[in-house]
Amino acid sequence: MTEMPVSSAQLFGLCGAALIGIGLYGFIAHRHLLRRLVGFNVIGSGVFLLFGSTGYRRVELGADPVPQALVITGVVVAVSATALLVALIIRLAQLTGSARLPEESPGGGR
Amino acid sequence: MAFFEASEGPWPALLIGVPLLAAFTAIVTWRAARLLIWSGAAVVPVLSVVLLARVIHAGGLRLPIGGWAPPLGIAFAVDGLSAGFIVVTGLVMAGVLLFALPQFTASAPGAAESRAGYAFVPLVFLAWAALNALFLSGDLFNLYVALELLTLSAVALVAIDGRSGTIAAAIRYALFGLFGSLAYLLGAALLYAVHGTLDMALIAERATADGATVIAGALMTAGLAAKTALFPFHAWLPPAHSGAPAPASAILSGLVPKASFYIIVRIWFDVMPQAAGTIMPVLLGVLGSCAIIYGSVLAIRQEQLKLVIAYSTVAQLGYLFLIFPLAGGGGEPQPWAAGAWTGGIIHAFSHALAKAAMFLCAGLFMEALGHDRIAGLRGAAHHLPLTVFAFALAGVSLMGLPPSGGFTAKYLLLTASFAGGQIGWAIVIMVGGLLAALYLFRPLTYAFTRRGLEEREFARVPRPRQVIPLLLAGLSILLGIASAAPYDILQIGRPHAAVEGLE
Amino acid sequence: MMPLAFDLFLCGLVLAVAVAAVSGRELFGSIVFFIVYGLLMALAWVRLEAVDVALTEAAIGAGLTGLLLVGASARLRRLQAPEEETGSRKARAATAIACLSIAGLIGAAVLLLDPRAPGLAPMVDCSLAESGVGNPVTAVLLNFRAYDTLLESTVLLVALLGVWSLSDERSWGGHGGLRQYARPGGVLATFGRTLPAIGLIIGVYLVWAGSKQPGGAFQGGTVLAAVWLLMAVAGVADAPRVSNRLLRLGLVAGPALFLAIGMAGAMAGDFLRLPPEHAGNLILLIEAGLTVSVAVTLALLVVGPPQRDLPHGEPS
Amino acid sequence: MSVLDLITILFTGAGTVFFIAGTAGLLRFPDTHSRLHALTKADHLGLGLIAVGLAVQVASPLLALKLLLVWGLAVLAAATTSQLIARVALPPHLERQKENAGQ
Amino acid sequence: MNTWYLGLAAILLLSIGAALWRVHRGPSAADRMMGAQLIGTGGVAVLLLLAAAGGPEAAIDVALVLGLLAAFASVAFAKTATRSGLGDPESDAEP
C-alpha cells in the first residue's frame, strides 16, 4: 500500500465538518421552520459522521464501537427532537397560519 | 483501585431512579399524580440531603456504574458542587410540585384527565431526573444525554399552555437549545477523539492546551452559553419563561439554565483549566456584564410582572459568568479565586431559590387577579400579604442586600474583583444591584399602594400555597445568614480546596 | 486506491445532496433531498464499518425522519402556510461565509487529530467476554454504557409527552392523528397487508441478531414502528386512543424494566450491574422491552397529537 | 476465473447497465409517465440481476435467501409506489375519465 | 473480484448522482419522488455490492431495511396528494 495523502477516516471527518457548515447555513439563513429543521438535522448528522469517523482511524483494530454506540444514541435523541419540533411547527401553523416565528421585538415589553 | 469505592450505597442511583419511576407511573395513570407528587416531594429531597451528608462525611465520591470503571464505563462523580446543586434542585422541585398540586391534578375523584394535567407531572419528574443525572454525572456524553432530556422536557413545559405565543416561544427555545446541544456534543466528540475517553476526571489528567482541545472547548462553551441564555443568545428566554404556567416558569428560570452553566464550570475549572487561555474568561465576563446591564434595563421597561422576572433572569445569569475572569479558568490559582468561584456558585443557588419563589408569587397574583400587569397590583399587599412578603424577600436576595444569599454571593465576587485589581467587574456588579432595585421596586410600590382608583377584585388564594414561595424565598435569605456552611460544602472535592478564600 | 476513490465520490455526493436539501428553492424538493441524504449517509456508515449505525440511519434517518417531514410539509401546504421568502443576498452571503469559516475550524480540528489514536476498541475487546453479548456495539449500549441508554429511552418519552400536550383540550384522550382510509382491495390496501408480515420478521430478526451481529432494539423497534405506520396509512390499523391504558404501559415497559434491573443492581451494590453469568439473558430481556417501547413511542411520535376526526381535512 | 465468477460478472454488469439505462430514461424522457416506465426497469431488472449475480457467490443459503428477499422487497415496493405515483401524476381531465371508466 | 464490485458500486454512485438532477429539476412533485425512488434502489444495489466487495456482511441487512422502508416515503407522498391527506390516491371516496 502506498501512503495516501488522506485516510478514509479523515475524509469522512472532513465531510462531517463540511456538513456541519452546510446545515448551519440552512439553520440560520431560512425563516421557514421546516427548512430550519432540515438544517438542524444536517448539522446533527455531520456531527455524528465526524464522531464516527474518528473511531475508524485504526482500520486494523476495526471500528471503535464506543463512538458507534454513542452515535446511535444521538440519532435517537435527534429524531425525538425532530418529532417534537414538527408537532410544534404544525401547531403554530394551525394557530397562526404561518410556519415562521413572529419577528422578535428587541425591546420586549410595551 | 481503592479510588473507586463501591460501598457508597445506592444514593446516586436512587436520586435518578425515584423521579424516573414517578414519571413512568404518571405516564401510565394520571390518577396517581397526587400521590406521586406528595411522595416525590417528600422522598427525593431527603435523598438529596442524604447524599450531601455522605459527601460531607466522605469527601468527593466516584462510583463506577455497572461495575465498569472509566474509560470503558461511566462513573457518578459527586463533590460539594454537585451535591449542593442537587439539594437546591430538590428543594425547588418539591416546592414547585406541591404548589402545582391543585392546578394540575384531579380536583375531584371523578374528574376527567386533562391534557395539561396529564403532561405536566411526568414532565416535571423527568426534568428532575435529568437535573439530578446531570449534576451527578462524571462523563461528557452522559451529560449530553441528560442535557437533552432536560431540554426537551423544558421545551414541552414551555409549550404546555398551548397558546400561539407560547408555542412560538417553545420553538425558539428548542432551536437555541438543540443547536447548543449539538455544539456541545461536537466538542465532546473531539475530546474523545483526542483523549480516548469521555470521563471528565481522566480527561483532566490527560488534557493539554493542544489545538483540537481548545477548539472543542470553544464549541462546548458556545453551545452551553446559548443554552444558558448568555447575552447575545438571550432572546429566547423571556418569552419562554414568562409564557409557561407559573410552576413551570419557576423550574425553567430557577433551575434549567443552571444545568448548562454547571457544565461550563466543570469544563473550565475541572476538566481543562490549562486550555482556557486569557481571552476566553474575559470574553465570558464581558458578555455576562452585557447581560447584567441589558437584561436589567429591559426588565425595568416591562409592564408585565412575569416579563420583569424573566428579564431579571437574563441579568442574573450574567453574574454567573463573572466567575470566569474573577476565578480565572487558566493560569496560576490566585488567592481570591476560591472566593470568586464560591461566590458565583452561591449566586446560582440563591437565584434558583429566589427566582422560583418570584415566579410562584407571580402565579398567585395571576390567580388572584386574572392578569399580571404591574399597574394592576395595587392593593396586593393588603389582600395577599404573605405573597407580597415572599416576593419582597426574594427581591432582597436578587438585589444583593444583606443578609441574603445574594448578598454573600456579590460580596464574594466584589472582594475578589477588588483583590485582583479588576475594578471593572466590581462596577458592573454594583450597577447591576442598583438596576435590580429599580425593576423590583416598581411592582412592590404598586403592591403596597393601598387603594387604586376602584377597589379591585382579588380572588381568594389558599394560604398553604402562599407559604411555598415564602419558604423558598426564606431559604434564599438563609443561604446568606448561614453562609459559612455552603462555603465549606462547596470546597469539598475541589482541586484547589487548599487555597484559602478571602472571607 | 479504489476504496479511497469510492469514498471521495461518496463524500462528494453527500455534500451535494446536503447543499441541495438546505438551499433548494422549494420545500418539498428539499425534503426529498433530505430523504436521499439519509440513504447516502447509511452508505457512508457502511464504509466506516459501522453497520449498527448504518441500520439506525437507514431506519430513522432515511425512513422515519423522511416520513415525518413529508407529512409535515403536506399538512403545512394544506394549512396554506406561505412558503419561503428569500432574504437579502448580502445577508445570505455573510451567513455563508460565517458557516464556511466554522466548518473550516472544525475541519482543522479533524486534521489535528492523531491518526494513530486507538480509541477504546482494544478495551471493549478485552471486556467483551464478560458483557454477555458478542456484538461490541450492543455491549457498549446495554452493558458498558447502559446508563446512557436508559436515559436515552426516556428522551423518547419526553418527546411524546410534548407532542401529545399539543392537542386541543377537546380532543384529549382521542386517537392520535386522523383516521386513514384506503380503497378496499386497492394497491395501497394490498401493500399495507403484505409488507407488514415481512417487516415484522425483519424487525424481530434485527433485535434478535443484535446480540451477535449488527442490530438491536432501536433498529428493530424503528422498523416495527414503520411497519405499523404503513398499516395505519393503508387503513389496516387505527391509531389507538392516547388514553388507552395498555398503550401507555407499552410506552414505559422498556424503560421501566431497564430501570428495575438497574435498581436491583444498585441495591446489591452497583447500579445497572449485570452479573456476567446472566448478562446475556438480561440484555435480551431489556432489548425485548425496549423494542416494544421504542416501536410504540416512535410510531406515536410520527402520528402526532390526538385529534378529533373530521370528515374533511384539518381540524379547525 | 471460475464459471461462477463469470456468471457473477455477467449478471452484475448487466444489472448495472440496466440501472444506467433507467437513469438515462429518467433524465431524458419527456413526461412523467414515460419516466416512470424507465424507473421500473431499473428497479425490477437492475437490482434483480445484481442480486442474482451475487447470490451465486455466497456460501450460505440463508444469505442467498436474504439477497433474493431484498430484490423481492424492491419489486413489491416499486410496483406499489409506481402505481400510486402514476395516479398522483395523472392530469385532472384524465383522472376524471379513469374514474368514470372504473365505475 | 473486489475491484470489480467496487467499480460497479462506483458506477452506480455515478448514476445516483445523475438521478439527483431529476430530483432537483422536478418539475412535478411526482418526478422528484420518482428520482428518490430510483436512488433508493440504487443505494440498495450499492450496499449489496459493498457487502460482496469485502465489506461487512451485515451490509445486506442494511439493504434489507432500506428496501423495506424505501417505499414508505413514496406511499406517504401519494397519500398526502389526496384531497384530505387521508384517502386513497386510487379513489376519490373519502372516509
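Here are a few things to note about the model shown:
- Elements of type helices (runs of 4 or more DSSP H) in the range B:115-204, at least 1 residues being of a type in the set (Gly, Ala, Ser) and farther than 30 Å from B:GLY40 by Cα: B:164-195
- Leading residue by the ranking (farthest from the other protein chains (Cβ to nearest Cβ)) among those in the range B:64-76 that are farther than 11 Å from C:ARG273 by Cβ and surrounded by 24 or more Cβ atoms within 10 Å (Cβ to Cβ): B:ALA75
- Of the candidates E:LEU49, E:LEU69, the single residue that is open to solvent by less than 20 Å² (accessible area, probe 1.4 Å) and in contact (Cβ under 8 Å) with a residue 40 or more places away in the chain is E:LEU49.
- Counting only helices (runs of 4 or more DSSP H) that fall entirely inside the range B:211-323 and contain at least 3 residues that are more than 22 Å from B:LEU136 (Cα to Cα), the qualifying elements are B:211-227, B:237-243, B:246-254, B:279-301, B:305-320.
- Number of positions in the range B:273-322 that are among the aliphatic types (A, V, I, L, M), under 12 Å from B:VAL428 (Cβ atoms) and open to solvent by 10 Å² or more (accessible area, probe 1.4 Å): 3
- When C:GLU26, C:GLU49 are screened for being of a type in the set (Asp, Glu) and closer than 27 Å to C:LEU141 by Cα, only C:GLU49 passes.
- Every residue from the range D:24-45 that is more than 7 Å from chain E (Cβ to nearest Cβ) and touching a residue at least 24 places away in the same chain (Cβ under 8 Å): D:HIS33, D:THR40, D:HIS44, D:LEU45
- Any hit, the range B:441-462, residues being modelled with pLDDT of 95 or more and either in contact with a Gly (Cβ under 9 Å, 6 or more places away or on another chain) or outside any helix (DSSP H, G or I) (or both): no
- Among (1) open to solvent by less than 10 Å² (accessible area, probe 1.4 Å); (2) closer than 22 Å to B:TRP425 by Cβ; (3) at pLDDT below 95; (4) among the aliphatic types (A, V, I, L, M), the one test that B:ALA338 misses: (1)
- Residue under evaluation B:LEU35, criteria (1) open to solvent by less than 40 Å² (accessible area, probe 1.4 Å); (2) under 28 Å from B:ARG465 (Cβ atoms); (3) free of Cβ contacts under 8 Å to residues at least 12 places away in the same chain, criterion not met: (1)
- Number of the condition not met by C:CYS11 [criteria: (1) more than 8 Å from chain A (Cβ to nearest Cβ); (2) in a helix (DSSP H, G or I); (3) not polar (S, T, N, Q)]: (1)
- The range C:179-201, residues that are part of a loop (DSSP other than H, G, I, E, B) and surrounded by fewer than 21 Cβ atoms within 10 Å (Cβ to Cβ): C:ARG179, C:ARG183, C:PRO184, C:GLY185, C:GLY186
- Look at (1) farther than 26 Å from B:VAL194 by Cβ; (2) over 10 Å from the mean Cα position of the chain (by Cα); (3) without any contact (Cβ under 8 Å) to a residue 60 or more places away in the chain; (4) open to solvent by 10 Å² or more (accessible area, probe 1.4 Å) and you find that A:PHE27 fails only one, number (2).
- Some residue of the range A:63-73 being under 30 Å from B:GLY295 (Cα atoms) and hydrophobic (A, V, I, L, M, F, W, C): no
- Test: residue in the range A:73-82 that is more than 7 Å from every other protein chain (Cβ to nearest Cβ) and of a type outside the set (S, T, N, Q): yes
- Count of the range C:144-172 residues, restricted to those that are free of Cβ contacts under 8 Å to residues at least 60 places away in the same chain and either within 25 Å of C:ALA239 (Cα to Cα) or more than 7 Å from every other protein chain (Cβ to nearest Cβ) (or both), is 6.
- Qualifying residue in the range A:45-61 (condition: in contact with a helix residue (DSSP H, G or I) (Cβ under 9 Å, 6 or more places away or on another chain), among the aliphatic types (A, V, I, L, M) and either part of a loop (DSSP other than H, G, I, E, B) or at pLDDT below 95 (or both)): yes
- Of the helices (runs of 4 or more DSSP H) that lie entirely inside the range C:213-311, those containing 1 or more residues that are without any contact (Cβ under 8 Å) to a residue 24 or more places away in the chain and surrounded by fewer than 24 Cβ atoms within 10 Å (Cβ to Cβ) span C:245-268, C:276-303.
- Any chance D:ALA38 is among the small types (Gly, Ala, Ser), at pLDDT below 80 and either open to solvent by less than 10 Å² (accessible area, probe 1.4 Å) or out of contact with any strand residue (DSSP E or B) (no Cβ under 9 Å at 6 or more places or on another chain) (or both): yes
- Some residue of the range A:81-91 being among the polar types (S, T, N, Q) and open to solvent by less than 10 Å² (accessible area, probe 1.4 Å): yes
- One residue stands out in the range C:115-143 among those that are open to solvent by 60 Å² or more (accessible area, probe 1.4 Å) and either part of a helix (DSSP H, G or I) or of a type in the set (Phe, Trp, Tyr) (or both): the one that is farthest from the other protein chains (Cβ to nearest Cβ), namely C:ALA129.
- Boolean, B:LEU123 is under 28 Å from B:CYS361 (Cβ atoms) and surrounded by 24 or more Cβ atoms within 10 Å (Cβ to Cβ): yes
- Hits in the range B:179-212 - residues which are open to solvent by less than 10 Å² (accessible area, probe 1.4 Å) and among the acidic types (Asp, Glu): B:ASP199
- Taken together, A:VAL86, A:VAL66 contain a single residue that is in a helix (DSSP H, G or I), more than 17 Å from the chain's Cα centre (by Cα) and at the interface with chain C (Cβ under 7 Å from one of its Cβ atoms), which is A:VAL66.
- Helices (runs of 4 or more DSSP H) contained in the range E:1-87 and holding at least 2 residues closer than 20 Å to D:SER34 by Cβ and at the interface with chain C (Cβ under 7 Å from one of its Cβ atoms): E:2-25, E:29-52
- Which numbered condition B:PHE141 fails, given (1) over 19 Å from B:ILE267 (Cα atoms); (2) buried (at least 22 other Cβ atoms within 10 Å of the Cβ); (3) among the hydrophobic types (A, V, I, L, M, F, W, C); (4) out of contact with any strand residue (DSSP E or B) (no Cβ under 8 Å at 6 or more places or on another chain): (1)
- Scanning the range B:412-431 turns up no residue that is open to solvent by 30 Å² or more (accessible area, probe 1.4 Å), within 24 Å of B:ALA250 (Cβ to Cβ) and under 27 Å from the mean Cα position of the chain (by Cα).
The values are calculated or read from the model by the stated rules, or taken from the named source; none is laboratory data. These figures come from a predicted structure and were not determined experimentally. Because the Cβ atoms are built from the backbone with ideal geometry, glycine has one as well, and the counts that use them run over all protein chains shown. The accessibility values were calculated without ligands, DNA or RNA, using every heavy atom of the protein model including side chains. Shrake-Rupley method; radii C 1.70, N 1.55, O 1.52, S 1.80 Å.
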